[in-house]
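Encoded as C-alpha cells, the structure appears first; notes follow it.
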Ligand code: IMP
C-alpha cells in the first residue's frame, strides 16, 4: 500500500508488465506505420512516461510533439475540458498518433480530436496506456490500448492524484 497525499492506493499493475505491454504496442505501431513517419502527439502531463517508453519501442522513423489539456480536478472529472493546445508546427498531411495516459469519460480525447482534425492531418489514431470502458461516454476508436481497467481511480507511471504520484514506477489503484 502507498499513500499519495491523503489517500491510500494498492499495487495494481507492475512496472515490468507495463513495459512489456508498451513494447508490444511499439512493435504493432512499427508494423502498422511502415513506410510512413508518424508524429506522436503526447498529451501532457500524464503521458510523458508512457510516451518515452513507447517511442523507444518504435523502430521506424518517428517524431514527437507535446500538447497540454486538462479536465481533472482532484479525483473526479469536471466534465469541462480546458484545452491548451500549443502546437507550433504544421500537422497538415501528417500521420498523427495521439499518446494519452488514460481515456476515462473520453471528453478530453474528443475535444483534442476535433482540434487536431481541423488542422488537416492525413490520419489520426489514438494510443492510450489505460482505458476505463465503463466510464467512457462518447464513441471513440482507440487503436492502441495498453490495459482496459475498471472504473476506479489510479495513480503512478505518469498519472497523478492532485499533482502527486506520477513518479511511482507501477500503477496503483485507489483503496476504498
Ligand atoms: P477524460 O476526459 O474523462 O477521458 O479524462 C482524461 C484525463 O483525466 C486523463 O488524461 C487523465 O489526466 C485524467 N484521469 C482520468 N482518470 C484518471 C485516473 O484514474 N487517474 C489519474 N488521472 C485520471
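Each value in this text was obtained by applying a stated rule to the coordinates, not by laboratory testing. Computed from a predicted model, the values in this text were never measured in an experiment. No Cβ is skipped: glycine too gets one built from the backbone with ideal geometry, and neighbour counts run over all protein chains shown.
Pick from 105, 128, 88 the residue whose mean-square fluctuation is largest in a GNM of the chain, springs joining Cα atoms under 10 Å.
88
Once R0 is set to 41 Å, what does the formula 1/(1 + (r/R0)^6) return for the Cβ-Cβ distance between residue 2 and residue 140, expressed as a FRET efficiency to the nearest 0.05?
0.85
If you wrap the chain's Cα atoms in a convex hull and average its projection over all directions, what's the area in nm²?
Computed as one quarter of the Cα hull surface, the answer is 9.4 nm².
Please give the peptides 89-102, 6-19 ranked by average Cβ packing (other Cβ atoms within 10 Å per residue), highest first, as a rough proxy for protection.
89-102, 6-19
At q = 0.17, 0.20, 0.21, 0.23 Å⁻¹, what log₁₀ I(q)/I(0) does region 16-71 have when each alpha carbon counts as one equal point scatterer in the Debye sum?
Relative scattering, expressed as log10 I(q)/I(0), comes to -0.54, -0.72, -0.78, -0.89.
Taking the mean number of other Cβ atoms within 10 Å as a proxy for protection, how do you rank 33-46, 129-142 from highest to lowest?
33-46, 129-142
Residue 122 to residue 17: FRET efficiency via 1/(1 + (r/R0)^6), r the Cβ-Cβ distance, R0 25 Å, to the nearest 0.05?
Details: r = 33 Å, r/R0 = 1.34.
Here the calculated transfer efficiency is 0.15.
For the chain, take the longest principal axis of its alpha carbons; what is the angle in degrees between that and the long axis of helix 15-32, to the nearest 10 within 0 to 90?
20
Return the calculated 222 nm mean residue ellipticity for the chain, to the nearest 500 deg cm²/dmol, obtained by summing -39500 (n - 2.57) across DSSP H runs with n ≥ 4 and dividing by the residue count.
-7000 deg cm²/dmol
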